[in-house]
Amino acid sequence: MSDPSAALLIDGVCKRYGSLQALDHVSLTVRQGEFFGLLGPNGAGKTTLISLLAGLGRADSGVIRVMGHDVVDDYRDARRNLGVVPQELVFDPFFTVRETLRIQSGYFGLRRNDDWIDEILHHLDLHTKADVNMRALSGGMKRRVLVAQALVHRPPVIVLDEPTAGVDVELRQGLWAFVRDLNRQGHTIVLTTHYLEEAESLCGRIAMLKQGRVIALDNTADLLARPIQQMLRLRLRGDVALPADLHAVARATADGRVVLALENADAVSACLARLHAAGVGLEEIELVRPDLEDVFISIMQEAA
Amino acid sequence: MSIALRTLLYKEVLRFWKVGFQTVGAPVLTALLYLLVFSHVLDRQVEVYGGVSYTAFLVPGLVMMSLLQNAFSNSSSSLIQSKVTGNIVFVLLPPISYREFYAAYVLAAVIRGLVVGAGVWLVTLWFVELPYAHPLWILFFATLGGAILASLGVIAGIWADKFDQLAAFQNFVVMPLTFLSGVFYSIHSLPAFWQTVSHVNPFFYMIDGFRYGFFGQSDVSPWISALVAGGSFVALTYATLNMLARGYKLRS
């Protein structure tokens, strides 16, 4: 174990659910003030890890500390230092937004917290909904309240578990602006997301999990600079299919292009020749810099 | 009392108070209907204590039955709803100890039980004049009975994964124990075998002790009832705290 001043210290954590090894000797450290990304496919163990550090579950072995406080032995201080935005869109239908935030403040031992509650409501554009019952809010508004609830006690470490899942673009951008601002003020942010472009633009450092193990942990810039394959981006002409032997290295993009991850320049030449021989016409050819998604796929394949 | 405990208690009380029509009004009406039907049919036909009319005998039983059932409902339904909808995380994420958690749910449930019990007592005042021989026993058994059922509600709410499991617990455990506890009759009117069976039902002691507070007479000594009810509460508290300390079905 090292760096006792770390915002999060996770050392040798294991967790098993029946026959499933959800976390397998996970160790990582998040430094204070970092914007840290936790990535991985579904079932990789991200939410399990967050549950353990939030005290919603208990590790079978290993140590987790939040701002130096053990989440089991010193759970009160650990939880005071942590704000968690859960992945599920949960709410208590009995209360208004303001009641919800006052109650959440009280759970953390805070009374007369209205000044800060008003500030959060303002930043999250919820001030006009303060006296509205939670049931009457849209999904996006409920998501904002979840963020507000995680912030009522001004935690130095904020964990956002897929906070933009199913959220419209406007809210997503507003939320990131707010979270960036919190990070600039010194809050440590830990983010899990399936939107890799978000992680790429926001996170200074990233850990990738697969089947309960950390398979990559590095600065985002260093991850992007990894000497991985040549990325050949193509737009195919007409309604033609790629030859079957290229499917393994190809993925489709949202804008209808195809990206092929190829070993080196020779493989690029061979691929173009293969397409020509197969009669596949090309409208666009581009060699592109790998983005986080390419790195993510490459690392996941290496770990397979 | 810590701010966290006070807040959780406040939240739990506010939760039932916001739907008071359903959580307080409805059980009071139900008890009133029991009183109207049973007292009308049985008042001149059932012999209970000497010098006590059946209607007068029935009222403390109805008050206590409503109190117990609603104390159970409050903690159990709040927990199962929070678990099923997922908002239990709002209570699990903050630095609330398991003892504070237990205390808040039990106290809120006792408050609801007492409010419903007081409501039943108030509406029945129109129908019968009750003596108050030992008011402290009344308060003691009302509070302790509420706390016992509140604890049972915490156990049921944590144990149940679905609403129908909770309904089964309520229908197959709480209701029979309540109805077979002497709410509607004195156990001395039962055959010997059923009298013996009644003596192993802790609900009988709660209701019998509560009734002693009104009439100064009961089927068993109030001290024995206090001992049995107190022992039941200690045992349930121990079991519940043990579940909560282990995080049973709450912190996987």
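Brief remarks on what is shown
- Those helices (runs of 4 or more DSSP H) lying entirely in segment A:54-123 with at least 1 residues within 19 Å of B:Lys18 (Cβ to Cβ) and touching a residue at least 24 places away in the same chain (Cβ under 8 Å): A:97-107
- Some residue of segment A:32-41 being touching a strand residue (DSSP E or B) at 6+ places or on another chain (Cβ under 9 Å), within 29 Å of B:Ile3 (Cβ to Cβ) and not in a loop (DSSP other than H, G, I, E, B): no
- Members of segment B:1-38 found to be aliphatic (A, V, I, L, M), surrounded by 18 or more Cβ atoms within 10 Å (Cβ to Cβ) and under 29 Å from A:Leu110 (Cα atoms), listed by number: B:Ala4, B:Leu5, B:Leu8, B:Leu9, B:Val13
- Qualifying residues in segment A:39-66 (those that are away from every other protein chain (no Cβ under 13 Å) and under 19 Å from A:Ala7 (Cα atoms)) - the one surrounded by the most Cβ atoms within 10 Å (Cβ to Cβ): A:Leu49
- Filter result for B:Pro131 (assigned to a loop (DSSP other than H, G, I, E, B), away from chain A (no Cβ under 14 Å) and touching a helix residue (DSSP H, G or I) at 6+ places or on another chain (Cβ under 7 Å)): yes
- Subset of segment B:172-196 [more than 14 Å from the chain's Cα centre (by Cα) and polar (S, T, N, Q)]: B:Ser186, B:Ser189, B:Gln195, B:Thr196
- Segment A:15-38, residues that are farther than 26 Å from A:Leu292 by Cα and either out of contact with any Ser or Thr (no Cβ under 7 Å at 6 or more places or on another chain) or surrounded by fewer than 16 Cβ atoms within 10 Å (Cβ to Cβ) (or both): A:Arg16, A:Tyr17, A:Gly18, A:Ser19, A:Leu20, A:Gln21
Listed here are the residues, each with its yes/no results for (1) within 27 Å of the chain's Cα centre (by Cα); (2) at pLDDT below 95; (3) away from every other protein chain (no Cβ under 11 Å).
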residue	(1), (2), (3)
A:Gly109	no, yes, no
A:Arg112	no, yes, no
A:Trp116	yes, yes, yes
A:Asp125	yes, yes, yes
A:Asp131	no, yes, yes
A:Met134	yes, yes, no
A:Met141	yes, yes, yes
A:Val147	yes, yes, yes
A:Leu151	yes, yes, yes
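- Scanning segment B:182-213 for residues that are crowded, with 18+ Cβ neighbours inside 10 Å and free of Cβ contacts under 8 Å to residues at least 40 places away in the same chain yields B:Ile187, B:Ser198, B:Asn201, B:Phe204, B:Tyr205, B:Asp208.
- Tabulated pairs, segment B:229-252, first without any contact (Cβ under 8 Å) to a residue 12 or more places away in the chain, second surrounded by 13 or more Cβ atoms within 10 Å (Cβ to Cβ), C-beta under 6 angstrom, 6+ apart or interchain: B:Ser252/A:Gly57
- Within segment B:142-166, the residues that satisfy the criterion of being surrounded by fewer than 14 Cβ atoms within 10 Å (Cβ to Cβ) and assigned to a helix (DSSP H, G or I) are B:Phe163, B:Asp164, B:Gln165.
- Wholly enclosed strands (runs of 3 or more DSSP E) of segment A:159-236 bearing at least 2 residues farther than 28 Å from A:His25 by Cβ and hydrophobic (A, V, I, L, M, F, W, C): A:230-236
- Selected residue [under 30 Å from A:Gln21 (Cα atoms), surrounded by 12 or more Cβ atoms within 10 Å (Cβ to Cβ) and outside the structural domain of A:Trp176 (by TED's automatic domain parsing)] from A:Glu263, A:Glu200, A:Glu293: A:Glu293
- Here segment A:18-67 is the region considered, the condition is being on the phi > 0 side of the Ramachandran plot and within 17 Å of the chain's Cα centre (by Cα), and the residue that is modelled with the highest pLDDT is A:Gly33.
The values are calculated or read from the model by the stated rules, or taken from the named source; none is laboratory data. Keep in mind that what you see is a predicted model, and the values were worked out from it rather than measured. Here the Cβ is made from the backbone with ideal geometry for all residues, glycine too, and neighbour counts use every protein chain on show.
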